[in-house]
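Student: Mind having a look at this structure? Questions to follow.
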Amino acid sequence: MSTVGLVSVKQYNKSYCRIIKELGHKSILFDIYADDALKSINQLDKKVDLYFWQSIDRGVFYRQKILDPVYFIEKYSRRKIFPDFNQVFTFNDKVKQWHIFQALGVPTPAVFYAENKEKALHFISNCSYPFVLKDPHSSSGLAVYLIKTKKQARDAIHEIFSNKGFHGLQGKFYAQKFIPGLERSMRVIVIGHKTYCAYWRVSSGDWKHHVGPQSTVTDKNIPKRATRLCEDISKKLGYHWMAYDILVQGKTPYVIEFSCNFGVAGARALGYEPWKEIMKYAVRHR
C-alpha cells in the first residue's frame, strides 16, 4: 500500500480520494498553493510515497503559481511528484508548445506570435483570412476566435494592445492558421509512451470541435499515424502522460496543443477512466 500526497483542491478531492482508495492506497491532502507549502514538504516526505496534483484552474495565474512548488519537490524532496516539472513546463502555454513543435519538426498549423502591436499589424496586412486568434494561456475552447477580415483583425489588435484588452486577452497576439472543411478533431491520451485512448470529437455547428453540449465522440477509425505521432512526442520528451489535440487533413495529422491537465468527459463517455489509469501509472513509477 502506498500513501499519495494529494493536492487539496475542493472540486477534485472526492474523485481522487475515491480513485486512490479503489486502488488500495491511502491519501493525505495538502495545499500546494499555500504560502507556507514548501515548509511542510520535509514533514510530508516522512508520510507519503509520492505527490500528485491537478491544477484548480487552467489560467496563466495558476500555471505560474504551480511551477515553483513542483520544481522544489522534484529537486529537493525525497519523493517524486506527478505531473513533474518536465510536464508542467509547457502546461497551458501555447507559445512554449509551438516552440517545441518547431524544434521536433512536429506538423502543426502555422503560427504567428507577437507581443508588439506594430508587428501584429504588419502580419495582418499580409496574412490569409480567416485565421484563428487565441489566448495562448486558454483551454477548453475558451478565448478562441475566428478572425475573418482585416478590419476585424485590426480592431482586435487595437484592443489587445490597449488598457481595455480583447475579451481578457492583452499584450499578446497569437494567430494560428485556420484549416477549413474539418468537421471533427481528435484527442489522443498517451500514458507512458503508449496510447491509452483516442477518439474523435465531432462538432455540431461549432468549428472549434471541443467536447461540449452540441458534440459527440467516437473511437472508431482512429488513424495510426496520429497515435504514433503523439507516442513519439511523449517518448522524445519523456512525458509520464499527455493529452494531445489533433486535426487531420487528408492523411496528415496536425498537433494543435497538448496538456498534462485535461478534461475527461469525452473519454468517460466512451468508457475510459484516464485519471484512474494515470494514478496506477504514478504509483508504479513512484
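Just so it is clear, none of the values below were taken in a lab; they were calculated from the coordinates. If you're wondering where the values come from, they're calculated on a predicted model, not measured in any experiment. Positions of Cβ are backbone-derived with ideal geometry, glycine not excepted, and every protein chain shown enters the neighbour counts.
Student: If I stretch the segment between Lys26 and Leu38 completely, what's the gain in nm (0.36 nm per residue apart, minus their alpha carbon distance), one decimal?
Tutor: 2.1 nm
Student: Quickly work out the Ile179-to-Lys151 label distance, labels modelled 7 Å from Cα along the C-beta direction, and quote it in nm with one decimal.
Tutor: If labels sit at Lys151 and Ile179, their model points lie 3.2 nm apart.
Student: Treating the beta-carbon of each Lys and Arg as +1 and of each Asp and Glu as -1, no other charges, what is the dipole magnitude of the chain about its Cα centre, to the nearest 20 debye?
Tutor: 480 debye
Student: Please list, by residue number, every one of the GluC sites (Glu not before Pro) in segment 103-189 that is coil in DSSP and has at most 15 other beta-carbon atoms within 10 Å.
Tutor: Answer in residue order: Glu115, Glu183.
Student: If you don't mind, another one. I want to verify a result. In a Gaussian network model of the chain, Cα cutoff 10 Å, which of these has the top mean-square fluctuation: Ser185, Ser40, Ser138?
Tutor: The residue with the greatest mean-square fluctuation here is Ser40.
Student: Please work out the Kirkwood hydrodynamic radius for segment 111-177, using every pair of different C-alpha atoms, and report it in angstroms with one decimal place.
Tutor: Radius from the Kirkwood sum: 11.6 Å.
Student: Collect residues whose amide H, placed 1.01 Å from N in the peptide plane, falls under 5 Å from the amide H of Ser27; neighbours closer than 5 in sequence don't count.
Tutor: Val4
Student: Treating the Cα atoms of the chain as identical point scatterers in vacuum, please give the log10 of the normalised Debye intensity I(q)/I(0) at q = 0.08, 0.09, 0.10, 0.15 Å⁻¹, two decimals.
Tutor: -0.37, -0.47, -0.58, -1.20
Student: Then there is this: Quick check: convex hull of the Cα atoms in segment 180-284, volume per residue, rounded to a whole Å³?
Tutor: Given the Cα convex hull of segment 180-284, per-residue volume reads 94 Å³.
Student: Place the peptides 246-252, 167-173 in order of packing, highest mean first, counting for every residue the other Cβ atoms within 10 Å and averaging per peptide.
Tutor: With the highest mean Cβ count within 10 Å placed first, the list reads 167-173, 246-252.
Student: To continue, here is another question. Filter Lys224/Lys276; Lys26/Lys80; Lys21/Lys194 down to the pairs with a C-alpha to C-alpha distance above 18 Å, please.
Tutor: Checking Cα-Cα distances, Lys224/Lys276; Lys21/Lys194 exceed 18 Å.
Student: Right, here's the next one. Taking a ≥ b ≥ c as the square roots of the Cα gyration tensor eigenvalues, with a/c under 1.5 meaning rounded and otherwise prolate when a/b beats b/c, else oblate, which class fits segment 92-138?
Tutor: Note, shape of segment 92-138 comes out prolate.
Student: In whole angstrom, how far apart do the alpha carbon centroids of segment 131-177 and segment 240-283 sit?
Tutor: 26 Å
Student: Counting only helical runs of four or more DSSP H residues, what would the 222 nm mean residue ellipticity of the chain come to if each run contributes -39,500 (n - 2.57) and the total is spread over all its residues?
Tutor: Theoretical 222 nm ellipticity from helices: -10500 deg cm²/dmol.
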